[in-house]
1. Under a 1.4 Å probe, what is the accessible area of the stretch 43-295 per residue, stated in Å²?
2. In the stretch 79-169, what trypsin sites (Lys or Arg not before Pro) fall in a loop by DSSP, with at most 14 other Cβ atoms inside 10 Å?
3. Tell me the Rg and the Dmax, in Å, that the Cα atoms of the stretch 43-295 produce.
4. Give the long-range amide H neighbours of Ser175: residues separated by 5 or more places, or on another chain, with amide H under 5 Å away, using H modelled in the peptide plane at 1.01 Å from N.
5. Counting only residues 5 or more places away or on other chains, whose amide H sits under 5 Å from the amide H of Val69 once H atoms are built in the peptide plane?
6. To the nearest 0.05, how large is the calculated FRET efficiency for Ser66 and Ser218 if R₀ is 41 Å and r is the Cβ-Cβ distance?
7. How far, in nm, would the chain grow between Val288 and Asp177 when pulled straight, counting 0.36 nm per residue and subtracting the alpha carbon separation?
8. Carbon and sulfur: what percent of the stretch 87-194's accessible surface (1.4 Å probe)?
Amino acid sequence: MLSESSSFLKGVMLGSIFCALITMLGHIRIGHGNRMHHHEHHHLQAPNKEDILKISEDERMELSKSFRVYCIILVKPKDVSLWAAVKETWTKHCDKAEFFSSENVKVFESINMETNDMWLMMRKAYKYAFDKYRDQYNWFFLARPTTFAIIENLKYFLLKKDPSQPFYLGHTIKSGDLEYVSMEGGIVLSVESMKRLNSLLSIPEKCPEQGGMIWKISEDKQLAVCLKYAGVFAENAEDAEGKDVFNTKSVGLFIKEAMTNHPNQVVEGCCSDMAVTFNGLTPNQMHVMMYGVYRLRAFGHIFNDALVFLPPNGSDND
């Protein structure tokens, strides 16, 4: 009797695990038609600097004004010190930056999402941004408060990308059949991708609020699942040498790894000269990055960038 009971319990447990795996795999493979089996993962590169030099002065000025980036930073009360650092540093270079918090925080101005669930926060933030700003901004950048972003490099990377096309880019990761952009390095959506995502948010069969699974998947994976339904696929952003420009680690960690793996080429083995983001920074490291990127200058050395992205009106950026 005990043996039969034990066998029965083992069968129930194995059956439950098998069903859970089928549910999870089925969820992640949602929307995989024939078209998706032929989709190749893209590696998007920054424009060639020589090509920029061929653009007339008037065209360059028009380009610098046409790129408008709206920054979304998802925060929680425990992030208050990071929140302050991000507000005081790189977000000043966004054309507009807003903080979306899990609850009302009196210390800083933010938009209360009234939920602690990161996926729900992300959904609500995207919907708010699209509904309010779709006619004012053509690129939407979402980040954690541990991320440092160089917005001018982001604009340069996007220079030849058409925001009326469905772009979804950053640092991509492959998980089974699912390719997604890691939130650790920041996520960039074109206004067209925002439009497609917004049309799916009210359709739970395609973009569920809770995922409908036993094991909850991360918010960046959830986003990728929803976007696949809309024909929008993750694309990895790289420089002309194939180095990632959206980074999921800090500069310090990259240098440490380069010293171990490429001791004779620490700088070359570390990071892209056109890096857009670094992640995992403390508040103090944010200010150090701000100093190094925007304030430190070598006397007598003049940068001859062919294109200048002007700060937004009224900005107190560096």
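The values are calculated or read from the model by the stated rules, or taken from the named source; none is laboratory data. Predicted model, so just to flag it, every value in this text is computed and none were measured. Glycine gets a Cβ as well: all are built from the backbone with ideal geometry, and neighbour counts include every protein chain shown. Side chains included, ligands, DNA and RNA excluded: accessible areas come from the protein's heavy atoms. Shrake-Rupley method; radii C 1.70, N 1.55, O 1.52, S 1.80 Å.
1. In whole numbers, the stretch 43-295 has 45 Å² accessible per residue.
2. Here the sparse-neighbourhood loop sites are Lys106, Lys160.
3. 18.0, 57
4. Tyr180
5. Residues meeting the amide H criterion: Asp95, Lys96.
6. For Ser66 and Ser218, the calculated efficiency is 0.75.
7. 36.1 nm
8. The value for the stretch 87-194 is 44 percent carbon and sulfur by accessible area.
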